[in-house]
1. Being among the acidic types (Asp, Glu) and surrounded by 11 or more Cβ atoms within 10 Å (Cβ to Cβ) is the filter; apply it to region 73-93 and report the residue that is farthest from TYR42 (Cα to Cα).
2. For VAL68, are the conditions met, namely being surrounded by 13 or more Cβ atoms within 10 Å (Cβ to Cβ), under 13 Å from VAL3 (Cα atoms) and either among the β-branched types (Val, Ile, Thr) or more than 14 Å from the chain's Cα centre (by Cα) (or both)?
3. So which residues in region 51-80 are under 28 Å from LEU91 (Cα atoms), in contact (Cβ under 8 Å) with a residue 24 or more places away in the chain and either in a strand (DSSP E or B) or not β-branched (Val, Ile, Thr) (or both), if there are any at all?
4. Return yes or no: is GLU48 more than 15 Å from ARG2 (Cβ to Cβ), of a type outside the set (Lys, Arg) and out of contact with any Gly (no Cβ under 9 Å at 6 or more places or on another chain)?
5. Please indicate, with yes or no, whether at least one residue in region 32-41 is closer than 30 Å to ARG112 by Cβ and of a type in the set (Lys, Arg).
Amino acid sequence: MRVDKYLWCIRFYKTRSLATKACKKGHIRVNGETAKPSRDVYTTDVLEIRRNQVNYKIEVLDIPPSRVGAKIVDLFRKDITPSKEFELVELIKLHKETQRSRGTGRPTKKDRREMDDFYDQNE
């Protein structure tokens, strides 16, 4: 089965065209090699997928006949993504929360004093 169709069948991508675009951009690797959308996938292959700043690793257990329900997806794939990848995403989220929102302008004198007090307390 084609890699783009497989990713669509196991519900990793909502549409097959999204899976195809990801392959063309080089976000999909099969056994360590960049995969074109037409690349065939076999059992025991390991897929590395870069999506939403996370490098997912999926082992192909079986080839589904067509798109499968969400409850039985785990019969066709095994998620072997290291937990470290998800911890990095949490760190990125925390970092974004500490930054000021775009468009709010320069900090006011009151904001600057609050930031100074905060940094002085943490030292």
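Where a number appears in this text, it was derived from the coordinates with a stated rule and is not lab data. Because the structure is predicted, anything quoted here is derived from the model rather than measured. Cβ: placed from backbone, ideal geometry, glycine included. Neighbour counts: every protein chain shown.
1. Result: GLU85.
2. Answer is no for this residue.
3. Selection gives ARG51, ASN52, GLN53, VAL54, ASN55, TYR56, LYS57, ILE58, ARG77.
4. No; evaluated as a whole, the condition is false for this residue.
5. The answer is no, given that none of the residues of region 32-41 is closer than 30 Å to ARG112 by Cβ and of a type in the set (Lys, Arg).
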